[in-house]
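Here's the structure, in structure tokens; my notes come after.
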Amino acid sequence: MMKLPCIQCKKTFFSDDLFEVLHCDEGIYFFCSGYCRDNWASDVALLSESENLQQSSA
């Protein structure tokens, strides 16, 4: 049994608990719930969008 941290809320949970996983080019991310996964994904999308807007206006 392995302890995993939620990337969004930092709550620690065990590998035999139910949890969410997101796999992308940057790596594999673990979340304690679908709520944390969805919020993290939307935060990353907003940050990426903001960075793109700043680059295009420079």
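The values are calculated or read from the model by the stated rules, or taken from the named source; none is laboratory data. The model shown is predicted, which means the values in this text are computed figures rather than measured ones. Please note that ligands, DNA and RNA were not included when accessible areas were found on the heavy atoms of the full protein model with its side chains. Shrake-Rupley method; radii C 1.70, N 1.55, O 1.52, S 1.80 Å.
So the values come out like this:
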| item | result |
| --- | --- |
| Qualifying residue in the range 3-26 (condition: among the basic types (Lys, Arg) and in a strand (DSSP E or B)) | yes |
| When residues of the range 1-32 are limited to those that are among the hydrophobic types (A, V, I, L, M, F, W, C) and open to solvent by 100 Å² or more (accessible area, probe 1.4 Å), the one modelled with the highest pLDDT | Met2 |
